[in-house]
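Below is one structure, written out as structure tokens, with a few remarks after it.
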Amino acid sequence: MSLVQLSLATGFLLILLGLYGALTNRDIIRMIVSFTIADTGVNVVLVAVGYLPGREAPILDTIPVAEAASRITDPVPQALVLTAIVIGLGVTALMLAYAYRLFRARGSLDISEFTELKW
Amino acid sequence: MNFTTRKAIPLVLLLLLGSVFYALFAGYTPDETLNRTASYYASQTVQETGAQNVVTAIIVTYRGLDTLGEVTVLFLTAAIVGLVLAHSKAPKSRSGSGFLPSGELLTTGTRMLVPVILLFGAYVFLNGHLTPGGGFQGGAIVASAILLMLLSDPAQRFSHRLISRIESSAGLTYVIIGLLGMLFAGGFLDNRILPLGSFGSILSAGVIPLIYALIGLKVGAEFSSILTSLEETEDAQ
């Protein structure tokens, strides 16, 4: 199994694991942790897709500029993932803040206590 | 809905999603060459921006508008976290009173490490155009120093005014630099309003180091404001 396949498989498994955790856990903090795991999985998959076998990181300190196009990996997914990580952190912070408010409102973090939106 | 169907539904959904992932995984072959966008960036970055780190050139110059949007999203997050938690702020006199003292080890360690961490954060965002790293990473490192200070002394209060001053002036300067790019160079956030300098030195790549320093300050201030908002509500009762 090559490096790309290994990291793709890891990423996909992390996404599935995170979604499973988010769907089955009743505790809001555990759901938030599950979401961040799924988020990590998405990032791993994106970076893995941008990897080209046998190439180097897109930093041209030792690679001559003229050969750059044939020696570096795809820089675009890496830029995307940098954005995704930062936005993921923002989403996590928001979820935690809301979880805190919910805890203040009910004194519990069990999702089954919150029945207003249930049908 | 009984208990078994409730348990079965997520499993069935995940099985379906898993088979989609498997199909993607089994049919995936890595590219042999870069696609057109990526090879444009690879061959033109040095000429057009003077940056050594291609990812930085993409984030700060080619997709600079997206990055501006990204720091705006972070700002919104910090503002909403502050708003959501504002109602449960601890009274000033009582805050942090319920904590045990944090211990000699953590206090001394904090005093020793915080300046080093801040310096490292500044190093990471000032060298964003040369080495792996940049404003977002550097900002996160700076905020981790704030986190360490909050851990060692939970009663400590940071001036929200100072944090928001740093944050807003960095954001404003960022936009002004972008507009100057429209006046003196090729377009919004064009980095060539300053000379590109010699390739590979710290003062090169036009305004990229300046913009990344501003992003670093802004991101550090935003993360710190999220951290302090979360911390100040901790002991509210």
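Using the structure shown, decide if A:L52 is modelled with pLDDT of 90 or more, closer than 21 Å to B:R36 by Cβ and not β-branched (V, I, T).
The answer is no for A:L52.
Could you check how many residues of segment B:28-55 are surrounded by 15 or more Cβ atoms within 10 Å (Cβ to Cβ) and under 27 Å from B:L126 (Cβ atoms)?
Residues flagged as surrounded by 15 or more Cβ atoms within 10 Å (Cβ to Cβ) and under 27 Å from B:L126 (Cβ atoms) within segment B:28-55 amount to 15.
I'd like to check something: does segment A:32-53 contain any residue that is surrounded by fewer than 18 Cβ atoms within 10 Å (Cβ to Cβ), free of Cβ contacts under 8 Å to residues at least 12 places away in the same chain and within 10 Å of chain B (Cβ to nearest Cβ)?
no
Going residue by residue through segment B:38-54, is there one that turns out to be among the β-branched types (V, I, T), facing another protein chain (nearest Cβ under 7 Å) and touching a Ser or Thr at 6+ places or on another chain (Cβ under 6 Å)?
Yes - at least one qualifying residue is present in segment B:38-54.
Hey, does segment B:194-207 have a residue that's part of a helix (DSSP H, G or I) and modelled with pLDDT of 75 or more?
Checking segment B:194-207: not a single residue is part of a helix (DSSP H, G or I) and modelled with pLDDT of 75 or more.
Could you give me the residue pairs with C-beta distances under 8 Å whose first residue belongs to segment B:147-159 and is over 16 Å from B:F223 (Cβ atoms), whose second residue is surrounded by fewer than 16 Cβ atoms within 10 Å (Cβ to Cβ) and modelled with pLDDT of 80 or more wherever it lies, and which are 6+ apart or on separate chains?
B:S152/B:L106; B:S152/B:T107; B:S152/B:G109; B:D153/B:T107
Name every residue in segment B:100-110 that is surrounded by 12 or more Cβ atoms within 10 Å (Cβ to Cβ) and part of a helix (DSSP H, G or I), in order of residue number.
Selection gives B:L106, B:T107, B:G109, B:T110.
Does A:I59 count as buried (at least 16 other Cβ atoms within 10 Å of the Cβ), of a type in the set (A, V, I, L, M) and within 8 Å of chain B (Cβ to nearest Cβ)?
yes
From A:G88, A:G21, which residue is more than 9 Å from chain B (Cβ to nearest Cβ), at negative phi and either in contact with a Leu (Cβ under 8 Å, 6 or more places away or on another chain) or in contact (Cβ under 8 Å) with a residue 24 or more places away in the chain (or both)?
From the options A:G88, A:G21, the qualifying one is A:G88.
Please work out which one of (1) in contact (Cβ under 8 Å) with a residue 40 or more places away in the chain; (2) away from chain A (no Cβ under 14 Å); (3) over 22 Å from B:I59 (Cβ atoms) is the condition B:L183 fails and give its number.
Failing condition for B:L183: (1).
Return yes when B:A185 is modelled with pLDDT of 80 or more, surrounded by 16 or more Cβ atoms within 10 Å (Cβ to Cβ) and hydrophobic (A, V, I, L, M, F, W, C) and no when it is not.
The answer is no for B:A185.
Please enumerate the residues belonging to segment B:43-68 that are of a type in the set (G, A, S) and free of Cβ contacts under 8 Å to residues at least 40 places away in the same chain.
B:S43
Is one or more of the residues making up segment B:216-223 at pLDDT 85 or above, closer than 21 Å to B:A51 by Cα, out of contact with any His (no Cβ under 9 Å at 6 or more places or on another chain) and not in a loop (DSSP other than H, G, I, E, B)?
yes
Filter segment B:202-234 down to the residues that are open to solvent by 10 Å² or more (accessible area, probe 1.4 Å) and free of Cβ contacts under 8 Å to residues at least 40 places away in the same chain and list them by number.
B:L203, B:L210, listed by residue number.
Quick test for you: out of B:T77, B:T72, pick the one residue that is polar (S, T, N, Q), modelled with pLDDT of 85 or more and surrounded by 20 or more Cβ atoms within 10 Å (Cβ to Cβ).
Just a single option satisfies the conditions, and that option is B:T77.
The values are calculated or read from the model by the stated rules, or taken from the named source; none is laboratory data. These numbers come from a predicted model, not from an experiment. So basically every Cβ, Gly included, is an ideal-geometry build from the backbone, and we count neighbours across all protein chains shown. Accessible surface is based on the protein model in full, side chains and every heavy atom, while ligands, DNA and RNA are left aside. Shrake-Rupley method; radii C 1.70, N 1.55, O 1.52, S 1.80 Å.
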